[in-house]
Amino acid sequence: MATKGEAGMVTRVAILRFEDRNRYGQHGIPTTVLFGGGKLCVVQCKSPHKRNHWAKVRVPASGLFDGGRAGPKVGDEAAHRGELVDLWGPVGEYKNELRAYQWHFNILPCKYPAPSTWALCPEGPVCSGVQELGALLQGHGLGRYAKAFQDEEMDVDALAAMDLGSGGGDLDGFGMVPGSPEAAALTRLADLARRGAKPQRLGQGERRDCTGLGGLTFSVDNASTLDVDDALSFEFDLDPDAANCGPGGGGHSLGGPAAKKVVRLGVHIADVASRVPCGSPLYAWARERISSAYHGGVLGADDGEGGEEKDGHGSVPMLPPDLAHGALSLNPGEPRNAVTLWLTFDQDRVLAADGASKGPDEFKGLTAPLGPPQLERTRVVNGLKTTYEHLGGSQGATSKYLARCRQALQGLSGCDDPQDLIAWAMVQYNAACGEALAELATSSTWATSAESSTSAESDHSKEGKAPLYGFLRCQEEAKTAAQYRAVTPSALAPSARGNLGHASLGLAKYAHMSSPIRRYADLCNQHALFGTLDPNAALAPSAGAAASGGGGGAGGGGETKAWSGKAVQRAVAALNSRVGEVARYHASVDAMELAYSTRNKPLLFSGKVEWGGDADAAGGGGPCLLVYTPKRRMRVPLHDSYFADSMDELLRVGDKFDGLVELHGVLLGGRQRLRLRIPDLKGTEQASHTGRTLASASKAQNNQAKSQPAAAPEAALEALQLTDGAAARAAPPPAGGGWACPACTFENVAPHALACEVCGALKPEVPPPGLP
């Protein structure tokens, strides 16, 4: 990402090409700007380096280095002249390339606000039940009536018992006109309370003390995770009546056939909104950062062997590390504020009689909870911080309780992988929160005004607050990029355009709220759920200033002005743009780390390759392939692949390849890149240059896998790895560690490549001297 510098100049990350013998003037070094479309500039540098180096430079803001935009006229030397800001280190080293990506995508520098400006709210109960109702009324646009309810010392239970029939009933004593939009909004709010939707737990109210579940509460993350924002708890062998009145009980009927026993699942998420007020400097900082940024490290980056970790897992947290890893994190043994989702299930359907989990096919249609999901603010203690490996049983013996929890999650989700089990629980949580945000928006006085008036905008302005209830994560079609959309009454109206659901997950409403320590949208949605979201603080400052003229709102202590629909759209577009930048950073770093791990020994695996369309400038530009590795999906440029023309012909028409895939890390243009190859399984004929032959090879692999026992793919993989090992022990190759192709005499630079990258001929197997 370019940052503004002097007039007419922008700061960019670049590679100074000291290896290039050309010099422009006495010390003019040819320089390539990262993601600049391969265009060059000249930077003056007196350092006598022999290797290319990463650096931070200032270049003209002329469009020449913006990945394909129109540049200056030929001969305009000033447009090609750059200035050196900071010289980092040589290319081909992990720490230098990671730093380059972090600067380009604006992950660094990261100067957190001083602790004196954090303005954290205290932990513990925040107000009484009477004040809780006042906050809830304020969040629904009924703040002008809050004092009247407080004078009567009414809480949410009292609201649920009010007579709000068509005649007005108890409305007269609170200054409301029967049939008005305010009366209709209050009626909907009371109806929510009567139906057990627990709106009283969505205000700034007292917390349910769930610290007694500390022995049953556990978190599951990677071993290196420091910011723990989610935990689970299971309560087995509960009577239905006990489940109805215990932690999470809300007086609702479980319904359905009587169950002998029920199991209650609690999904506990750190309540960051209760500590970080909306509109505070810390909140504004989170808005600028958008999310935490991670890197996984490289194993054996120097020697290509297993080795010890060269550069370990790390992160640039969204919030200051003292908070993200300390005061806000659900660390073991520490009481923490949380927002909990309670789900109750028929235990006989979740676990078999002998305690073993049923198979996935036995749970189709049986995962619906008994009664509606329950959301409330709680106080919890994480009793155990464990890992995915430990939950799955691959890392030592698990306790009987944890094993039973795994069985329950397997039964509920139909999954087996530990990461998929936790992901299922988070999806349930986010789906419930999405529905809750939508229900809050549709039950507000603004929604009622929109139904009863043709000019909802004027009603909003009279109320003095923008109708914003957080952000939904929407995906209109599967396999397309998801986007955030503002939750407003107009967006949820029946006449609104666009799909607010999530196609891949099959959910009507879905909102990110399970990672408030790591994602800004989750923090906004927590505030929206509790009626403390200030649109002026939540949305982009520039759009807010233009739309509202300033203001403080719920978090800033001032009056919040109404936002226009276009201003909200511009602000959400800016949010999606920054989220996309962080996603591209993670994709670039993931591919780079895998390339470093495989630069001395290729990664051979059974996977899938699909056509990925054209990459943007940040991805290198040009057509690319989607490669599904055992851990994640990678985007590999087509021109960095062996047999690019053949793959283009095979995959562009919509086909995909399933079989053995080889990834190899190579240094291209100063960056460590992934190079893809699809080896020939038969190993007897020269690899073809036509897409038809590749397609036939893919079908033959699939047919062979179906006709042979289940272990056949693993046997083929092992055989090919043994062949690769034999080739590595062959006679010394030509200079540079490669091997000469017997068909076209081309010297291949990758020592472990099994076929020539020019003609496709297979690498000859030459036994060492002394062997038959």
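The values are calculated or read from the model by the stated rules, or taken from the named source; none is laboratory data. Just so it is clear, the model here is predicted, and its values are computed rather than measured. No Cβ is skipped: glycine too gets one built from the backbone with ideal geometry, and neighbour counts run over all protein chains shown. Accessible surface areas use protein heavy atoms only, side chains included; no ligands, DNA or RNA. Shrake-Rupley method; radii C 1.70, N 1.55, O 1.52, S 1.80 Å.
Brief remarks follow.
- Per-residue ³J(HN,Hα) for region 47-57, Karplus 6.51 cos²θ - 1.76 cosθ + 1.60, θ = phi - 60°, Hz, x for Gly and Pro: 5, x, 8, 9, 10, 4, 10, 6, 7, 10, 10
- Simple spin-label estimate for LYS95 and ALA161 in nanometres, 7 Å along Cα-Cβ: 6.7
- Ordering of 629-636, 102-109 by burial proxy (mean other Cβ atoms within 10 Å per residue, highest first): 102-109, 629-636
- Length released on extending from CYS121 to LYS400, taking residue separation times 0.36 nm less the Cα-Cα span: 96.6 nm
- Calculated FRET efficiency for the pair CYS415/SER47, C-beta based, R₀ 41 Å, to 0.05: 0.15
- Point-to-point label distance, LYS147-LYS608, nm (Cα→Cβ direction, 7 Å offset): 6.2
- For the cross-link pairs LYS39/LYS95; LYS46/LYS95; LYS479/LYS601; LYS111/LYS601; LYS261/LYS631, the ones whose C-alpha atoms lie over 27 Å apart are LYS479/LYS601; LYS111/LYS601; LYS261/LYS631.
- Label point distance in nm, ASP237-ALA740, each placed 7 Å from Cα along Cα→Cβ: 7.7
- The local environment of GLY326, defined by Cβ-Cβ distances under 12 Å, has a net charge of -1 under the rule Lys, Arg +1 and Asp, Glu -1.
- Solvent accessible area, Å² - SER315, 1.4 Å probe, full protein context: 40
- All other residues whose Cβ lies under 11 angstrom from that of GLU123 are scored, Lys and Arg at +1 and Asp and Glu at -1, for a net of +2.
- Less than 5 angstrom separates the built amide H of PHE18 from those of ASN52, HIS53, all sequence-distant by 5 or more or on a different chain.
- A probe of 1.4 angstrom, applied to the heavy atoms of all protein chains, finds TYR388 with accessible area near 40 square angstrom.
- Extension gain (nm, one decimal) between ASN22 and GLU83, 0.36 nm per residue minus Cα-Cα: 20.2 nm
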